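The values are calculated or read from the model by the stated rules, or taken from the named source; none is laboratory data. None of these values were measured; they are calculated from a predicted model. Here the Cβ positions follow ideal geometry from the backbone for every residue, glycine too, while neighbour counts run over all protein chains shown. SASA here: full protein model, heavy atoms, side chains in, ligands and nucleic acids out. Shrake-Rupley method; radii C 1.70, N 1.55, O 1.52, S 1.80 Å.
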Amino acid sequence: MRREVPLLITAVVGITFVVKYFVPHFPFNRMDAWFADWFSIVQACAIVLGALNLLKLSALKVIGQKSGWGYALVIILSFMLITVIGLAEGSDYRDPGTSFDWLYVNMFIPLSATMFSILAFFVASASYRAFRARNYEATVLLIAAFFVMIGRVPVGDVITGFMPEGYRFSDLAIWIMDYPQTAGQRAIMIGIGLGVVSTSLRVILGIERAHIGTGD
Amino acid sequence: MEAFFEHFRLWLAAFLTLGIFSFLYKDNPWYKLTEAIFVGISAGYWFVVLFWDNFHGKFWVGAGEYSINWVVAKLTGAQAPPPPDSSIDFMLWVGAFLGLLMLLRLVPKIGWISRWPLAFIVGSTGGLWLINYFASNVMVQAQATMVPLFSSAFGTGFDQNADAVIGALIIFLGTFSGLVYFFFSKAHTGVFGGTARVGVFFLMITFGASFGYTVMSRMSLLIGRIDYLLGDWLGMIK
């Protein structure tokens with residue numbers, strides 16, 4: 001019951017959505033829209049689980065006075081701050097001038113932008129290790145990355161300013177992105193496509209069961 | 001008062017920005033504090049967004065409010081709401097029901113029922129992707145790769161220039177050899193192995209270009225933050 005029912009649901013729903021592609025009549029022609037809506041609603045319920053889990057873990061840390069409990073308290077307070085304000089604002093919570101918008105502009109954006117921007121430093125240090133031209137393949141990777149990077153900043157065209165239009169670093173970067181990069185990307189995309197097809201078949205047929213867990 | 005809040009706003013964002021940047025020196029209490037704020041604010045932000053946009057915007061407006069009003073009217077004998085118009089879609093209740101089942105995970109005794117909505121989502125995603133990925137990632141990409149070499153379209157004659165012909169050849173060669181590399185059911189030896197090796201070089205160019213592209217996008221974020229610190233906060237850039 002605990003394993004068979006989810007497997008049955010997966011198979012029936014999966015086959016229904018495959019059939020839907022070939023039947024352009026009601027109700028199959030509405031299923032894409034329905035699925036998108038259902039998925040959105042389930043997402044909203046899933047975030048409740050996630051948020052409760054975060055609060056529970058943080059609260060346990062605070063109550064037990066475990067290492068770093070002060071930071072756990074900050075997590076709870078900042079979560080409560082933006083959530084209470086956002087829920088109290090009503091459905092127009094995003095309008096400019098609202099308290100939620102103030103928190104979004106002055107806290108969420110600076111934090112997320114800075115968090116992602118420091119990746120530039122880690123990427124630079126990783127590239128120093130990875131980009132050493134140890135063999136032909138690494139050298140090709142290094143050259144492609146160099147031309148794309150230098151072609152996307154003004155100094156690239158300043159350096160190659162003496163070259164005719166169409167042969168500068170920016171043009172080379174565009175050419176790399178348009179042709180060899182596209183070719184490799186297509187091979188990867190086709191590979192991913194075939195992989196998704198086989199994995200989906202395994203899921204629908206019940207061969208792949210990771211999503212229903214291992215317990216009873 | 002307005003000036004105070006303007007300064008407070010600038011200093012708060014600068015405090016958070018520098019707190020995250022301080023990790024570049026080493027892990028420290030300032031970074032941990034801003035990290036905790038980031039975790040709490042992000043979780044809360046997405047909670048609010050998903051509540052208002054997905055739950056309220058879709059389910060409550062689309063079906064929930066009307067249904068509840070109708071049931072309340074029936075129970076209390078009050079005047080029932082007018083018949084639903086086209087904006088009301090009772091199928092949204094299926095999503096609400098699935099969401100409710102997912103929340104049963106909070107009840108340990110019947111928490112296993114939360115696997116049903118998960119099975120529904122996985123099954124429907126599998127069914128959708130099986131066809132959609134095959135159509136978009138395999139068929140469309142293969143079609144875009146095998147284009148007329150010397151013509152801009154079928155039947156237009158020899159109207160392509162040398163750049164376009166070479167470009168089409170490179171794309172075909174790169175895609176084909178890349179796929180040969182991904183074919184592991186045959187040993188990569190002889191002509192097959194040579195083709196696979198060509199594919200590796202195309203894949204390396206792809207990874208290098210993607211890497212460079214990613215670095216530049218991160219750099220633009222970094223420049224944005226430095227611009228904020230030096231311009232908006234310290235006023236050194238006018």
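Of note:
- Dimensionless Rg over Rh [the range A:104-158; C-alpha; Kirkwood]: 1.16
- Cα gyration tensor, the range A:121-204 - rounded (a/c under 1.5), prolate or oblate: prolate
- Within 10 Å of each Cβ in A:46-55, the average number of Cβ atoms from other chains: 5
- Shown here for the range A:47-101: trypsin sites (Lys or Arg not before Pro) in loop regions (DSSP other than H, G, I, E, B) with at most 14 other Cβ atoms within 10 Å, namely A:LYS66.
- Rolling a 1.4 Å probe over the protein heavy atoms of the range B:29-129, with every protein chain left in place, gives an accessible area that is 72 percent carbon and sulfur.
- In summary, the aspartates and glutamates within cross-link reach of A:LYS20, defined as a Cα separation below 19 angstrom excluding same-chain residues under 8 places away, comprise A:ASP32, A:ASP37.
- Think of the protein assembly as shown as having a plus end and a minus end, set by charges on the Cβ of Lys, Arg, Asp and Glu; of B:PRO117, B:LEU149, B:VAL48, B:PRO117 sits farthest toward the positive end of this dipole.
- Sparse packing (at most 10 other Cβ atoms within 10 Å of the Cβ) combined with a DSSP loop state is found for the following trypsin sites (Lys or Arg not before Pro) in the range A:110-165: A:ARG134.
- Phi to ³J(HN,Hα) by Karplus 6.51 cos²θ - 1.76 cosθ + 1.60 over the range B:47-62, Hz, x for Gly, Pro: 4, 5, 4, 5, 5, 6, 7, 8, 6, 6, x, 9, 6, 5, 6, x
- Note on B:LYS32: lysines with a C-alpha under 26 Å away, same-chain residues under 8 apart excluded, are A:LYS56, A:LYS61, A:LYS66.
- Volume per residue of the convex hull around the Cα atoms, evaluated for chain B, comes out as 367 Å³.
- Accessible area per residue (1.4 Å probe, heavy atoms of protein chains only) ranks A:VAL84, A:VAL123 as A:VAL84, A:VAL123, with the largest value leading.
- The calculated pair-distance distribution of the range B:25-86 uses every alpha carbon pair, bins of 5 angstrom beginning at 0, and gives 4, 15, 14, 12, 10, 9, 8, 7, 6, 5, 4, 4, 2, 1 percent.
- Set of aspartates and glutamates near B:LYS109 by C-alpha distance (under 13 Å), chain-local residues within fewer than 8 positions excluded: A:ASP216
- Cα-based shape type of the range B:77-142, given that a ≥ b ≥ c are square roots of the gyration tensor eigenvalues and the cut on a/c is 1.5: oblate
- Each residue of the range B:183-194 was assigned a 3J(HN,Hα) from its phi angle through the Karplus expression (A = 6.51, B = -1.76, C = 1.60, θ = phi - 60°), giving 8, 9, 7, 10, 4, 7, 10, x, 4, 4, x, x Hz with x at Gly and Pro.
- For the protein assembly as shown, average projected area of the Cα convex hull in nm²: 33.3 nm²
- The helix-only estimate of mean residue ellipticity at 222 nm for the protein assembly as shown, built from DSSP H runs of length n ≥ 4 each weighted as -39500 (n - 2.57), is -22500 deg cm²/dmol after division by the residue total.
- Peptide B:184-192 has a mean shielding of 0, counted as Cβ atoms of other protein chains within 10 Å of each residue's Cβ.
- Dividing the radius of gyration of the alpha carbons in the range B:134-191 by their Kirkwood radius gives 1.08 for Rg/Rh.
- Taking every alpha-carbon pair within chain A, the share separated by more than 20 Å comes to 80 percent.
- Accessible area of chain A belonging to carbon and sulfur atoms, whole % at 1.4 Å probe: 68 percent
- Cα centroid separation - the range B:163-177 against the range A:92-121, whole Å: 43 Å
- Rounded, prolate or oblate (a/c below 1.5 giving rounded, otherwise prolate when a/b exceeds b/c) for the range B:152-238 by Cα gyration tensor: oblate
- Within the range A:143-173, the chymotrypsin sites (Phe, Trp or Tyr not before Pro) that combine a DSSP coil assignment with at most 14 other C-beta atoms in a 10 angstrom radius are A:PHE162, A:TYR167.
- Per-residue average of Cβ from other chains inside 10 Å of B:20-27: 3
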